[in-house]
Amino acid sequence: MYDLGPEFGNASVDPGTNLLVSGPPLSGVRRLSLEALAHGGRTDDAVLVITTRYSAQQVLADLETLVDTDNLVLGVVDCVTRRQNRAYEDDRRVKYVTSPAALTRIGIKFSEFIKELRVRDIERTRVVLDSLSTMLPYANTESAFKFVHVLAGQIDDADALGLHTLRTGGTRRGTTAYSGGTVRRTCNCHGNAWTRSTSKSRGWPRAEYQRSFLHPGGRTPRSPGRSSVVRADRSA
């Protein structure tokens, strides 16, 4: 089980779970995801970040404010730095791709990290993709969510935890509907309070769980695909 930490009401989810963390701009979506990474890092979980918005340097600096990164097993796929015409070579912690549109290269770099962790017999890994909203202007919606579907499968196969961020409100029409088909079970987070509702998107059932609906120990019920959505409706 993966404990999500106090920002998620100390709920826990099964290995292989993928969470779509969504909310309007300035709602703290990115911070919420990094908090979940840092919470695992404090207990020796490996941490992987695919960043399409900020450079690896910024990601490392932000994580450093939350957890001691010196001994953290950490990897970043940087989709930003080379797009800014800055030439950097891959190193132990950072692998670079040319832009958020390079979905195949992003997948390859991520797979390299997963293989390295497997060789090192590291069994617990937390992954953040930040952000789908930045990726969408560079790739059509169908290609982006096909990529996310494959990525979520890799996370599931590795018994890892995946968090995928999405800013709502200004996203392309149909994005939320496609996400409903990619992540089938949803959770809704308003600050530290979990609320429950149900809806459907493109035929996929979407259920949101309140704390009282969590299983003992905070475990959410398993569903096909072991995927969820968390909405962060709070200030950054």
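The values are calculated or read from the model by the stated rules, or taken from the named source; none is laboratory data. Model, not experiment: these values are computed from the prediction. Note that we place each Cβ from the backbone using ideal geometry, even for glycine, and neighbour counts take in every protein chain shown.
Observations, loosely collected:
- Residues being charged (D, E, K, R) and surrounded by fewer than 18 Cβ atoms within 10 Å (Cβ to Cβ) - total across the stretch 136-169: 4
- Long-range neighbours under 6 Å by Cβ, at least six apart or interchain, first residue under 27 Å from Gly169 (Cα atoms) and buried (at least 17 other Cβ atoms within 10 Å of the Cβ) within the stretch 1-24, second of a type in the set (Ser, Thr, Tyr) and at pLDDT below 90: Asn18/Ser227; Leu19/Ser228; Leu20/Ser179; Val21/Thr165; Ser22/Thr168
- Residue within the stretch 62-75 that is farther than 28 Å from Asp3 by Cα, assigned to a loop (DSSP other than H, G, I, E, B) and touching a helix residue (DSSP H, G or I) at 6+ places or on another chain (Cβ under 7 Å) present: no
- Failed item in (1) outside any helix (DSSP H, G or I); (2) surrounded by fewer than 17 Cβ atoms within 10 Å (Cβ to Cβ), with Arg53 passing the rest: (2)
- Looking only at residues of the stretch 138-164 that are in a helix (DSSP H, G or I), of a type in the set (D, E, K, R) and touching a residue at least 60 places away in the same chain (Cβ under 8 Å), we find that the one that is farthest from Met1 (Cα to Cα) is Asp157.
- Which numbered condition Arg82 fails, given (1) assigned to a helix (DSSP H, G or I); (2) touching a strand residue (DSSP E or B) at 6+ places or on another chain (Cβ under 8 Å); (3) in contact (Cβ under 8 Å) with a residue 24 or more places away in the chain: (3)
- When Ile108 is tested against the conditions (1) out of contact with any strand residue (DSSP E or B) (no Cβ under 6 Å at 6 or more places or on another chain); (2) buried (at least 21 other Cβ atoms within 10 Å of the Cβ); (3) of a type in the set (Val, Ile, Thr), the lone failure is (2).
- The stretch 1-49: number of residues that are at pLDDT below 95, assigned to a strand (DSSP E or B) and of a type in the set (Ser, Thr, Tyr): 2
- When we screen Thr141, Thr69 for residues that are modelled with pLDDT under 90, closer than 27 Å to Val13 by Cβ, more than 14 Å from the chain's Cα centre (by Cα) and among the polar types (S, T, N, Q), the only hit is Thr141.
- Looking only at the stretch 77-89, and only at residues there that are in contact with a Ser or Thr (Cβ under 8 Å, 6 or more places away or on another chain) and of a type in the set (D, E, K, R), the one that is surrounded by the fewest Cβ atoms within 10 Å (Cβ to Cβ): Arg82
- So Arg92, is it surrounded by fewer than 21 Cβ atoms within 10 Å (Cβ to Cβ), free of Cβ contacts under 8 Å to residues at least 40 places away in the same chain and within 22 Å of Gly40 (Cβ to Cβ): yes
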